[in-house]
Amino acid sequence: MSAGPIPYDVLRLIWWALLGILLIGFAVLDGYDLGTAMLLPFAGRTDGERRQVRETVEPNWEGHQVWFILGGGASFAAWPLLYAASFSGFYVAMFLALLSLIIRPVGFNFRDKLPGYRWREFWDWGLAAGGFASSLVFGVAFGNLLLGVPFGFDDELRVNYTGNFFGLLNPFGIAAGLLSVLMLAMHGGAWLAMKTDGPVARRAGQAARLGALLAAIVFALAGWWVATGIEGFALGAAVSHVGPSNPLAKTVTRAAGAWLANYRAYPPLMAAPGIGIAAALLVALIPARRLRVPAFLLSALSVAGIVATAGIALFPFLLPSSTHPEMSLTVWDASSSRATLFVMLVATGALLPIVLAYTAYALRVMRGKVRIADVIEHESRY
């Protein structure tokens, strides 16, 4: 079967970009759901206020999970070696993330089944803990990508992971997890400030500004750490961009500051970290009662910039190996065949616009504020 007119190296680049788009889509869309859940017990003090918080995300959060599923599916189909190695290495972390995500539908469905205060308080804090745990685990995983993951392959390309979950909880990994928590708290707070009124909107705006300021500071410090204190990875020799996927046929070197090589070679790429910091600082400066829609858009832009910064720094690496650097997975040696990438690209080209259209339609239908007076009136009817 013909693999189509697109060259193999271009297909690999397209799928690297698509994977990044899916990750950014998940971070931006499901990110404000996770951030809202984290802020639930703090933004809402009364039962009515907490219902107001939940109703801002209940209509759409399930649709946002599509981005997470698409990201996993893309990894499996387009980057099978990446899928195998990452799910082996991050097995416990993935399990914890999925468990915390599962709390959401359970919490939404069970929270109001009983009228008791302790019952509802338990599920409110369960939703907050789930949002916090998911945000933390995703950030820790990203941080460990920059450090390298302890894995290798045998001669038959079977993955051998030699680390453990607690090894992921190193200082830089925890710092990346903290950045993720602050970033999504900013995003969730900006969402709530835009979608609610009254005390909830005021508290959410305060949380968004504080989270934005701290996220900008931690992001800048993490960048300094990467530049001065972490050995990055670099391909040691020319690698074929169109050859068959074989991660055992290359050399890799490590050096301090190597993760900045792409930014040195292409200075315009500095726009990504620049946007991540500048947009967060603008969120922190916007007054509580004004410009709530721009604040949310700036928050989304900051999230996208921060995620893109890590992706650009890593390129062409997808999953560096700390124990066997020469076996690290890159864009050029971890993909499926040319024919598979082309067929998947056609399928994605048909399905992704549908997902985008559905997401835009759902957000449009549910536009407007969730007002506390409407929540109280609705409760009085039932």
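The values are calculated or read from the model by the stated rules, or taken from the named source; none is laboratory data. Fair warning: this is a prediction, and the values are worked out from it, not measured in the lab. Virtual Cβ from ideal backbone geometry, glycine too; neighbours counted across all protein chains shown. The protein model used for the area step is the full one, side chains on, heavy atoms only, and it has no ligands, DNA or RNA in it. Shrake-Rupley method; radii C 1.70, N 1.55, O 1.52, S 1.80 Å.
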Note down the relative contact order for the stretch 119-182 as a percent, whole number, built from C-alpha pairs under 8 angstrom at least six residues apart.
45 percent
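Please give the length that would be gained between LEU297 and MET366 if that part of the chain were fully extended, namely 0.36 nm times their separation in residues minus their C-alpha to C-alpha distance (nm, one decimal).
23.2 nm
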Candidate cut points under trypsin sites (Lys or Arg not before Pro) in the stretch 87-160, DSSP loop plus at most 14 other Cβ atoms within 10 Å of their own Cβ, are LYS113, ARG158
Going by amide H atoms built from the backbone, whose H comes under 5 Å of the H on SER321, apart from near neighbours?
VAL149, SER328, LEU329
Accessible area per residue for the chain in Å², computed with a 1.4 Å probe and the full protein assembly in place, what is it?
46 Å²
Just how much of VAL106 is accessible, in Å², when a 1.4 Å probe is used and the result is rounded to the nearest 10?
50 Å²
Please work out whether the stretch 247-350 counts as rounded, prolate or oblate from its C-alpha gyration tensor, where a ≥ b ≥ c are the square roots of the eigenvalues and a/c under 1.5 means rounded, while otherwise a/b larger than b/c means prolate and anything else oblate?
oblate
Under a point spin-label approximation (7 Å from Cα along Cα-to-Cβ), what is the LEU285-GLU121 distance to one decimal in nm?
4.2 nm
As a test of reading the structure, rank ARG50, ARG209, ARG364 by solvent-accessible area (1.4 Å probe, protein chains only), most first.
ARG364, ARG209, ARG50
Counting DSSP beta bridges with both partners in the chain, what percentage is antiparallel, nearest 5?
85 percent
May I ask you to rank GLU231, GLU55 by accessible area, largest first, using a 1.4 Å probe over the protein chains only?
GLU231, GLU55
Hey, if you put +1 on the Cβ of every Lys and Arg and -1 on every Asp and Glu Cβ in the stretch 19-131, which of GLY116, PHE68, MET38 ends up farthest toward the positive end of that dipole?
GLY116
Express the relative contact order of the stretch 226-320 as a whole percentage, based on alpha carbon pairs under 8 Å and six or more residues apart in sequence.
28 percent
Going by a ≥ b ≥ c, the root eigenvalues of the Cα gyration tensor, does the chain fall in the rounded group (a/c under 1.5), the prolate group (a/b larger than b/c) or the oblate group?
prolate
Whole-Å distance linking the alpha carbon centroid of the stretch 1-64 with that of the stretch 279-352 is 12 Å
I want to make sure I understand the PRE zone here: with the label point 7 angstrom from the Cα of SER337 toward its beta carbon, which residues in the stretch 78-117 have backbone N atoms less than 16 Å away?
78-81
For the pair THR323/SER240, report the inter-label distance in nm, with labels modelled 7 Å from Cα in the Cβ direction.
2.9 nm
If you fit an axis through the alpha-carbon atoms of helix 80-89 and take the longest principal axis of the Cα set of the chain, what angle between them do you get, 0 to 90°, nearest 10?
60 degrees
Heavy-atom accessible area order for PHE76, PHE233, largest first, 1.4 Å probe
PHE76, PHE233
Determine how large the accessible area of PHE26 is when every protein chain is in place; take a 1.4 Å probe and give Å² rounded to the nearest 10.
20 Å²
Value of relative contact order over the stretch 1-115, rounded to a whole percent, pairs C-alpha under 8 Å and six or more apart:
24 percent
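Using 0.36 nm times the number of residues separating ASP154 and LEU356, minus their current alpha carbon distance, what extension gain do you get?
Between ASP154 and LEU356, full extension yields an extra 68.7 nm.
Say R0 is 45 Å: what FRET efficiency, to the nearest 0.05, do ALA265 and PHE110 get from their beta-carbon distance?
The pair ALA265/PHE110 has a calculated efficiency of 0.30.
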